[in-house]
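Only one structure is covered here, and it is reproduced in the block below.
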Amino acid sequence: AWYVPCLASHETLQELCRKENLRCKSIGITNRSLKSYEVEYLCDYKVEEGKAYYLVKWKGWPESSNTWEPRKHLNCPLLLQNFLRDKNEYLSRGREGKALKVRNHVKALKPAIADYIVKKAKQRIALQRWKEELNRKKNHKAMILVENTVDLEGPPLDFYYINEYKPAPGINVLNGITTGCECADCPAEKCCPKEAGFILAYNKHKKLKIQPGLPIYECNSYCRCGPDCPNRIVQKGTPYSLCIFRTNNGRGWGVKTLQTIKTNSFVMEYVGEVITSEEAERRGQLYDNQGNTYLFDLDYDSDEFTVDAARYGNVSHFVNHSCDPNLQVFNVFIDNLDLRLPRIALFSTRTIKAGEELTFDYQMKGSIDLTSDSADGLSPSKKRIRTVCKCGAVCCRGYLN
């Protein structure tokens with residue numbers, strides 16, 4: 001059977017059900033709720049004959065059903081608080097360098113103010129739904145929050161959350177491990193890292209102890225050791241609650257930690273669509289024109305494959321570049337020992353305080369983006385557009401590539 005995803009929003013479907021007097025339990029329209037009224041957000045404000053009224057958008061009802069309701073009828077303190085805050089935020093914005101005085105006693109709002117309040121309310125709802133979607137799809141215990149106090153930007157329209165590599169057709173990211181260590185208590189003489197010719201990557205506190213450039217070999221699904229094995233870190237997923245937030249200096253979305261992260265701790269994995277380097281070069285030309293950088297070369301042993309996190313990815317999709325980063329890239333091998341296809345893990349380089357933005361150096365990852373020196377020998381059509389760096393670090397190189 002063919003299945004086509006519905007492009008209509010949850011609210012649109014609810015509105016259609018109410019309009020046609022239909023019931024649909026899966027979207028919450030039952031006999032009991034068909035005629036129910038719940039405030040979704042407040043759209044406008046006015047004073048008539050000394051009484052304050054708010055224009056109410058009812059949840060699951062079309063905007064044509066909005067009604068003016070007296071203040072005493074509204075039992076939604078949080079929505080009233082959001083309405084007042086959004087109004088004051090609009091009024092207090094500087095205009096030509098002069099701040100406007102906020103007036104709380106007005107008989108009606110100007111259309112521009114009401115329009116801004118509605119947009120903020122819709123954005124707040126969209127971001128809340130996005131946060132819920134992200135937390136439904138993630139496979140780790142830590143929470144993902146979303147925050148935008150900067151502008152009216154909502155969730156990205158063409159981004160799909162995944163927890164592991166999404167291989168392009170013809171690429172196998174699981175190359176048949178058929179054996180694992182026999183350790184009863186890792187690490188032992190025959191543990192996975194030693195079998196691969198390397199030392200165990202973690203100390204007894206489960207913190208990284210190897211230098212950048214060395215690979216990490218974790219115990220795999222065939223190993224005798226259990227889930228508490230000290231050599232199972234990256235495979236357990238992000239251990240910290242993180243927040244995707246809107247930056248205030250033109251860098252788009254960023255990621256900050258909501259918990260203190262100690263030095264040499266695993267923070268997150270970089271995942272996306274695994275494609276050939278030839279396809280990455282083609283996409284790179286397009287991304288350069290858009291000013292985006294999502295390509296991550298898997299060049300530990302060769303340069304055959306690249307991870308593209310533009311459309312498919314996890315929280316790492318939103319981590320910004322810095323010339324002075326607090327995250328470091330490491331190659332990890334778990335259930336796939338193909339040196340061409342390592343997993344990419346980001347570890348802290350120092351203690352990162354709660355509320356601090358997470359960053360890594362995009363050039364650290366062996367990006368296909370070319371520097372000006374390496375681009376000089378290319379034809380004009382092959383030269384890559386240089387992206388200005390906005391990291392703000394003292395040691396900033398000026399460009400992302």
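What the table shows:
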item	result
Simple spin-label estimate for E38 and N292 in nanometres, 7 Å along Cα-Cβ	3.4 nm
Among T12, T349, T263, residue whose mean-square fluctuation peaks in a GNM of the chain (springs only between Cα atoms under 10 Å)	T12
Lysines with Cα under 16 Å of K207, excluding same-chain neighbours fewer than 8 positions away	K236, K262
Peptides 62-70, 313-321 ordered by average Cβ neighbours within 10 Å, highest first	313-321, 62-70
Inter-site label distance for T149 and T351 at 7 Å from Cα along Cβ, in nm	2.5 nm
Selected from K131, K166, K204 as most flexible by GNM, with the chain as the system and alpha-carbon contacts under 10 Å	K204
Whole-Å distance, taken between Cα centres, linking the stretch 213-278 and the stretch 109-175	19 Å
Å² per residue, accessible surface of the chain at 1.4 Å	55 Å²
GNM top mover of R18, R386, R129 - the chain, alpha-carbon springs below 10 Å	R18
Per-peptide average of other Cβ atoms within 10 Å, ordering 329-337, 184-192 highest first	329-337, 184-192
Translational diffusion coefficient (Stokes-Einstein; Kirkwood radius from C-alpha pairs) of the stretch 141-360 at 37 °C, 0.692 mPa s, in µm²/s	179 µm²/s
Loop-resident sites, the stretch 196-242, for chymotrypsin sites (Phe, Trp or Tyr not before Pro), counting at most 13 other Cβ within 10 Å (DSSP)	Y222
Alpha carbon centroid spacing (whole Å) that separates the stretch 290-312 from the stretch 38-74	49 Å
Share, in percent, of DSSP beta bridges within the chain that are antiparallel, nearest 5	75 percent
Sites N172 and E281 - FRET efficiency at Förster radius 25 Å, r taken between beta-carbons, to 0.05	0.70
Calculated SAXS-style log₁₀ I(q)/I(0) at q = 0.09, 0.12, 0.14 Å⁻¹ - the chain, Debye, Cα scatterers	-0.71, -1.06, -1.24
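The values are calculated or read from the model by the stated rules, or taken from the named source; none is laboratory data. None of the values given here were measured: they were computed from a predicted structure. Positions of Cβ are generated from backbone atoms using ideal geometry, with glycine treated the same way; all protein chains shown enter the neighbour counts. Calculation scope for accessible area: heavy atoms of the full protein, side chains included, ligands and nucleic acids excluded. Shrake-Rupley method; radii C 1.70, N 1.55, O 1.52, S 1.80 Å.
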